[in-house]
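Step one of this worksheet: look at the structure below.
The values are calculated or read from the model by the stated rules, or taken from the named source; none is laboratory data. Note that this is a predicted model, so its numbers are computed, not measured. Glycine also receives a Cβ, built like all others from the backbone with ideal geometry; neighbour counts cover every protein chain displayed.
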Amino acid sequence: MTSAPGSAPDFERQQPTATPSKKRRRPALSCEQCRQRKIRCDRNLPCKSCIKLKIQSCTYVATHIPKSRARGIVSQCHDVGSAGPVLVPGRSATVGDHAGSWMADSPPSGTPLRHLAPGPAACPGMESPTEHALTARIQELERKLEDAHQGTSLPKDKLLDDSNNSGEWSAPMKGTNAKIRFFGQSHWMNGPDMFPDVLSTLINAEAKRIGPYRNFIKCKTLARTIKEHRADPVSSTTLGETVPAKALADQLVDAYFCNFEGAIRILHVPTFRAEYERYWLNPATANVAFVIQMQLCMALGASVHDDVFSLRATAVKWVCEAQLWLILPPEKSRMTIVGIQILCLLSICKAACAVGQDLGWVTSGCIVRRAICMGLHRDPSQLAKMTVYRAEMRRRLWATILELNLQASFDAGNPPLISPKHYDVLLPANLNDDQLTDEADHRTAAIDKSDELTDMSAQLLLLRSHPLRREIIRHVTESRGKNSYPETLRLSSELTKACHSMTKDLVILTEAQKRAPRAIANQFHCRFIQLMVYRCFAPLHQPMLRLAPNDPTVYYSRKVLLDSSLEIIEICNLSRPRSTADARGLIDTATAFDRLIVTGSGFFRVVPLQAILSIGMEFVHIKEEEERDLLATMRPKASNELRPIIEASIDWAGRRIRAGETTIKIYCLTSAGLVLADGIDKGLSSEQIQQSVFESGEESSIQCWEYLKEVADRDGVKINEDDGSPAKVEVPADTMDFTFDWFGGFGWDAVGEWSFEV
């Protein structure tokens, strides 16, 4: 006989009351994975242990309801024949930033959780308090699951792995946005904003169209005309036809090999010299690729030929011809060692001759990709059997490509385009060029003596610091990294040790040169190496002073930045320019480096400019501290030592304009910064200081106008003295609507519709 619905079976009513009750089971609050491993669970969803062990799913067992409690629920439903096990969701999950790790195994947000596990059937027309609570619980879980799904949509849109980012998707901006360009932390454009008083005064003059603004526009118009006059159109039918007379060509080629080639190796000197002699025997039959290569060597030699870079227009044409040759079809024919050499020479020429130097990072990317396509990123021992000459030239070129890529990253403030995981090339052997033969020779290891002075000694010395400098640029350009000051201090300490070691090695190199039978290492090479290493201090420490210039906790950064900047000024020799030449007309290597700092662009201008800005900022800070220290009986002498350097920097900026540079920003900013410090020193009010800066901008712009007229006269650009505008180009009626754009880039290529807004 069956029992009536809703009543207990007869055998249950006949049970004796003395029967001991079963031990109640406690609900499992830990997830199934932690229970299996018998480890502690923080009961989140997903839990911390599953996240740490990278478990894809973190699941919980539904809460079990005993029969004694389920009986009351089942008795209310007359259409249920038997009471099965009742399972309900265990608890409300706490969804964290790692919800994306389990979303793939979760149901869609619109699926009710009651359909995912067996449970009591709903009684029509009835809803007990327990069922009401369960319904509310399910609705809450559905809502939270939907919120969790929406919260994980941002990470799923990112093309990156967030396993090591602790759930943080944003990081502080490490750079400056201007126009359509992003200037990273190591870019020099992040330096001028350390002088807000100067910039605000000059920008206000631009906004009000008063004072120095008209002179700025006159200088800008003339500068653009000078650049247009230099841009002589080139044709693919006349490539290699602008080679000068042999006497001048010999001087330019010798200037390249005496200075640039020893610092960063690109060519094999005996091979080039032999081809060079054959060219002058019959220029008409010469290979076009060699002529392009020779012209780039002469362009670099022309940058140090005289104090004013008189061959600048010709050098610019040689650079343009090389660019045209590289893109002419078939491009596949340029995928050769000679093509890579031309790309490397072109990269340095753009910096030395100011031809698209602000896009050097883009050019370096092209070089890296072509080199990888040619297999230069693999060591020759892993490839086909090669002679010593071919293997070592591949290693030398790859080392040069890595250095050019690193310098371009520092200039642009962007990350390097390749990591050590992508190549396995060994260091070049310490061999002279005449020891590289194109014959089968397996005695390279026996010939290579690292303690001897060879043609590779200078570049090998620079390569010793390459891993550290690569780590520094990675640290300062990492967009998702935090501003870790301890990491900055650690890298700075390692860099200081590298500088001390480099100084000792340079002394050894100099002493070895005194005993050498021929000239190998010289001052140009030594100063070039020092400049490339000391420049790494600025991107490390300058951001700290921009954020908190008066914070005593970053005083170490302030001191290191000042010391390294003073060292760079000494290396660049801004205060004591030289100009000497021998009987053949060749200049000494120290003078060549001095001229390159004046005539060159790219990192030859960026590195000393960053040092000048840092020294100028320190000079202003010292004046402010002296003004606040009212109880001091004697002012420190530091400012008296920095002032001559600032004055020499202004003179350096003027010499750069006279040598053909068309931007006047450096000259005006440096002059205004000195006036600002003097105003603070004299105790002037803010209005008086602003007026002094205003007048300084007007005076410096007038001086720059005179310098630019001198350049225009030398280049053959005619100027109408009546209105001050060039006679060659008609000045548009809305000239005064141009913006001078202090933050708008290196030169004057932009029309100026993007003005800087404070």
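Among the residues of segment 49-66, those that are closer than 25 Å to Ile138 by Cα and either modelled with pLDDT of 80 or more or surrounded by 13 or more Cβ atoms within 10 Å (Cβ to Cβ) (or both) comprise Cys50, Ser57, Cys58, Thr59, Tyr60, Val61, Ala62, Thr63, His64, Ile65. Residues that are more than 30 Å from Asp451 (Cβ to Cβ) and either hydrophobic (A, V, I, L, M, F, W, C) or buried (at least 19 other Cβ atoms within 10 Å of the Cβ) (or both) within segment 404-433 comprise Ala408, Ser409, Phe410, Asp411, Ala412, Gly413, Asn414, Pro416, Leu417, Ile418, listed in sequence order. A count restricted to segment 466-492 and to residues that are in a loop (DSSP other than H, G, I, E, B) and either modelled with pLDDT of 95 or more or not polar (S, T, N, Q) (or both) stands at 4. Taken over segment 538-549, the criterion of being in contact (Cβ under 8 Å) with a residue 24 or more places away in the chain and either surrounded by fewer than 15 Cβ atoms within 10 Å (Cβ to Cβ) or on the phi > 0 side of the Ramachandran plot (or both) is satisfied by Arg546 alone.
Among the residues of segment 34-48 satisfying the criterion of being crowded, with 17+ Cβ neighbours inside 10 Å and closer than 22 Å to Lys144 by Cα, which is modelled with the lowest pLDDT? Out of the qualifying residues, it is Leu45.
Can you name the residue in segment 510-530 that is within 13 Å of Leu461 (Cα to Cα) and out of contact with any Leu (no Cβ under 7 Å at 6 or more places or on another chain) and is also surrounded by the fewest Cβ atoms within 10 Å (Cβ to Cβ) among such residues? Can you show your working first?
Of segment 510-530, the ones within 13 Å of Leu461 (Cα to Cα) are 510, 521, 525-530.
Those still in the list that are out of contact with any Leu (no Cβ under 7 Å at 6 or more places or on another chain) too: 510, 525, 527-528, 530.
Working: Thr510: 14, His525: 27, Arg527: 23, Phe528: 22, Gln530: 20.
Going through the qualifying residues, I end up with Thr510.
On the given criteria, is Ala255 in contact with a strand residue (DSSP E or B) (Cβ under 8 Å, 6 or more places away or on another chain), assigned to a helix (DSSP H, G or I) and assigned by TED's automatic domain parsing to the domain that holds Val711? Criteria met by Ala255. Scanning segment 222-260 for residues that are crowded, with 17+ Cβ neighbours inside 10 Å and among the acidic types (Asp, Glu) yields one hit, Asp250.
In this entry, Leu326 passes the filter for residues that are at pLDDT below 95, crowded, with 16+ Cβ neighbours inside 10 Å and either over 23 Å from the mean Cα position of the chain (by Cα) or farther than 25 Å from Gly413 by Cα (or both).
Remark: pairs (first residue in segment 318-337, assigned to a loop (DSSP other than H, G, I, E, B); second residue modelled with pLDDT under 90; Cβ separation under 9 Å; 6+ apart in sequence or on different chains) = Leu328/Ser236; Leu328/Leu239; Leu328/Arg334.
Among residues belonging to segment 381-395 that are basic (Lys, Arg) and outside any loop (DSSP other than H, G, I, E, B), point out the one that is farthest from Arg535 (Cα to Cα). Break it down into steps so the answer makes sense when it comes.
Taking segment 381-395 first, the residues basic (Lys, Arg) are 385, 390, 394-395.
Filter once more, keeping what is outside any loop (DSSP other than H, G, I, E, B): 390, 394-395.
Details: Arg390: 33, Arg394: 28, Arg395: 25 Å.
The selected residue is Arg390.
Please indicate, with yes or no, whether at least one residue in segment 225-233 is at pLDDT below 85, assigned to a helix (DSSP H, G or I) and either more than 32 Å from the chain's Cα centre (by Cα) or not aromatic (Phe, Trp, Tyr) (or both).
Start the filter on segment 225-233 by keeping residues that are at pLDDT below 85, which leaves 231-233.
Still in the list and also assigned to a helix (DSSP H, G or I): none.
There is no residue in segment 225-233 that is at pLDDT below 85, assigned to a helix (DSSP H, G or I) and either more than 32 Å from the chain's Cα centre (by Cα) or not aromatic (Phe, Trp, Tyr) (or both).
Quick one: would you say Ile401 is closer than 23 Å to Leu460 by Cβ and crowded, with 24+ Cβ neighbours inside 10 Å?
Yes: the conditions hold for Ile401.
Filter segment 711-743 for residues that are at pLDDT 80 or above and surrounded by fewer than 13 Cβ atoms within 10 Å (Cβ to Cβ) and give the result. So that I can check it myself, show each step before the final result.
Keep residues of segment 711-743 that are at pLDDT 80 or above, which gives 711-718.
Asp713, Gly716, Lys718 - these are the residues of segment 711-743 that are at pLDDT 80 or above and surrounded by fewer than 13 Cβ atoms within 10 Å (Cβ to Cβ).
Residue pairs whose Cβ atoms lie under 6 Å apart, sitting 6 or more positions apart in sequence or on different chains, and linking a residue in segment 514-537 that is assigned by TED's automatic domain parsing to the domain that holds Leu491 to a partner that is acidic (Asp, Glu), are Tyr534/Glu567.
Just to be sure before I move on: is Thr242 farther than 30 Å from Asn430 by Cα and either outside the structural domain of His525 (by TED's automatic domain parsing) or part of a helix (DSSP H, G or I) (or both) in the structure I sent?
Details: farther than 30 Å from Asn430 by Cα: yes; either outside the structural domain of His525 (by TED's automatic domain parsing) or part of a helix (DSSP H, G or I) (or both): no.
Judged against the criteria, Thr242 is not a match.
Would you be able to say whether some residue in segment 346-356 is more than 27 Å from the chain's Cα centre (by Cα), assigned to a helix (DSSP H, G or I) and under 29 Å from Asn414 (Cβ atoms)? Scanning segment 346-356 turns up no residue that is more than 27 Å from the chain's Cα centre (by Cα), assigned to a helix (DSSP H, G or I) and under 29 Å from Asn414 (Cβ atoms). Every condition in (1) among the charged types (D, E, K, R); (2) at pLDDT 90 or above; (3) within 34 Å of the chain's Cα centre (by Cα) is met by Glu206 except one, and the failing one is (2).
The residues of segment 396-443 that are in contact (Cβ under 8 Å) with a residue 60 or more places away in the chain, not in a loop (DSSP other than H, G, I, E, B) and not aliphatic (A, V, I, L, M), listed by number, are Arg396, Thr400, Glu403, Gln407, Ser409, Phe410, Asp411, Asp433, Asp434. Just so you know, in segment 262-309 the residues that are of a type in the set (D, E, K, R) and in contact (Cβ under 8 Å) with a residue 24 or more places away in the chain include one that is surrounded by the most Cβ atoms within 10 Å (Cβ to Cβ), and it is Arg265.
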